[in-house]
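Since every read-out is calculated from the coordinates, none of them should be taken as a lab result. Everything numeric here is computed off the predicted structure, so don't read it as measured data. Cβ placement follows ideal geometry from the backbone for every residue including glycine, while neighbour counts extend to all protein chains displayed.
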Amino acid sequence: MPHEVANLTLAEATRHAPFIEYARCLDASQRPGNHAGDWPEEGQFYPVRVVESHLEGMPLVHVLGFHGEAPYYNAYAPHRFELLYTVWLN
């Protein structure tokens, strides 16, 4: 995806691209003190979208359906997740 996203629902994500990625949370530790919103649980599986962050200069994992406030929205560092599956919806 050429632009950054924030707080995407599953329906919104599949409008941009016809696939869903699934990942397992490997590291839910060290939640930033100023993070307001949903936080993943270690060991749980989530539908995600990996998006290149223009601010961070690296890919970030957005958990679909999660809600978070600025500055993090629902974006997490890639080391926190293991991408497992891509499901194409065509």
inquiry  = Defining a contact as two alpha carbons under 8 Å apart and six or more residues distant in sequence, what relative contact order in percent does the chain show?
reply    = 39 percent
query = Can you give the convex hull volume per residue for the Cα atoms of segment 1-84, as a whole number of Å³?
reply = 85 Å³
query = Just going by the charge dipole of the chain, with Lys and Arg at +1 and Asp and Glu at -1 on Cβ, which of ALA13, VAL87, VAL51 is farthest out on the positive end?
reply = VAL87
